[in-house]
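Beneath this line is the structure, given in C-alpha cells, with notes to follow.
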Amino acid sequence: MPRYVSLFRYTPEALGRMVRNPADRAEAAREAIEKAGGTLDVFHWMLGEYDGLVIYTMPSEVEAAAFSATVTSSGRLASHVTHQLLDVDQSIAALSLAQRVSRSYRAPGGGEWRVEYDAMD
C-alpha cells in the first residue's frame with residue numbers, strides 16, 4: 001500500500017484548546033486514518049515550521065485525499081501538506097526508469113547543453 005507523510009501546523013485557537021485540555025492527538029489521527037482504510041505508522045510533534053507529522057499507509061490516493069480533506073476541513077489546521085513516500089526499491093525503480101526515459105528526452109531549447117548556457121544566469 002502507498003505510504004504518505006503529512007506535515008501540519010495547528011491554528012493558534014487549536015493550540016489554545018489543546019493547552020487547556022491536553023489529549024492524545026495520535027489517537028484521533030489513528031481513528032480517522034483507519035476509518036479511511038489505512039494504518040497509522042508514526043505520529044510526532046515537532047519543533048520548527050510545522051507542529052507535527054503523521055506517516056501512514058492508505059490503499060490508494062483516494063483514501064489519502066479523503067483523510068487530508070477530513071483534517072483540513074476541521075478548520076483547526078493552519079497548514080497541512082501531504083507527500084507520497086517511496087521506499088528504497090521504489091526509488092531505485094524510478095531512477096532506473098528515469099535513466100531509460102532520459103535517453104529520449106530533449107531539454108528545453110533542444111540540443112546539447114553548452115558551457116555558454118551557464119553564463120546566462
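Distant-in-sequence amide contacts of residue 41, defined by a placed amide H-H separation under 5 Å and a gap of 5 or more residues or a different chain, comprise 55, 56, 57. Here the chain is treated with +1 on each Lys and Arg Cβ and -1 on each Asp and Glu Cβ, and its dipole about the Cα centre works out to around 200 debye.
The mean sequence separation of alpha-carbon pairs under 8 Å and at least six residues apart, normalised by the residue count of the range 39-84, gives a relative contact order of 25 percent.
Largest first and in whole Å, what are the equivalent-ellipsoid semi-axes of the range 1-82 based on the Cα gyration tensor, each being the root of 5 times an eigenvalue?
21, 12, 12
Structural descriptor for the chain: relative contact order 35 percent, calculated from alpha carbon pairs under 8 angstrom and at least 6 residues apart. Projecting the Cα atoms of 4, 81, 23 onto the charge dipole of the chain, computed from C-beta unit charges around the Cα centre, puts 23 farthest toward the positive end.
Derived scalar couplings between HN and Hα for the range 42-50 equal 8, 9, 9, 7, 8, 9, x, 4, 10 Hz in order, rounded to whole Hz, by the Karplus curve 6.51 cos²θ - 1.76 cosθ + 1.60 (θ = phi - 60°), x for Gly and Pro. Here the Karplus relation 6.51 cos²θ - 1.76 cosθ + 1.60, evaluated at θ = phi - 60°, turns the backbone of the range 13-24 into coupling constants of 4, 5, 4, x, 4, 5, 5, 6, 9, x, 8, 7 Hz, with x for every Gly and Pro. Taking a Cβ cut-off of under 12 Å around residue 43, the surrounding Lys, Arg, Asp and Glu residues balance to a net charge of -3, with basic ones at +1 and acidic ones at -1.
Under 5 Å between amide hydrogens, built in the peptide plane, is the criterion, and for residue 79 it picks out 9 among residues at least 5 positions away or on other chains. Summary: within the chain, the longest segment free of trypsin sites (Lys or Arg not before Pro) located in DSSP loops with at most 13 other C-beta atoms within 10 Å is 1-102. For the Cα atoms of the chain, what angle does the longest principal axis make with the long axis of helix 25-35, in degrees from 0 to 90, nearest 10? So the inclination is approximately 70 degrees. The helix-only estimate of mean residue ellipticity at 222 nm for the chain, built from DSSP H runs of length n ≥ 4 each weighted as -39500 (n - 2.57), is -12500 deg cm²/dmol after division by the residue total.
Using a 10 angstrom Cβ neighbour count of at most 14 plus a DSSP loop assignment to flag exposed chymotrypsin sites (Phe, Trp or Tyr not before Pro), which longest range of the chain is free of such sites?
1-104
No value in this document is a laboratory result; all are computed from the given coordinates. All values derive from a computational prediction rather than experimental measurement. Methodologically, a virtual Cβ is constructed for each residue, glycine included, from the backbone with ideal geometry; neighbour enumeration extends over all protein chains shown.
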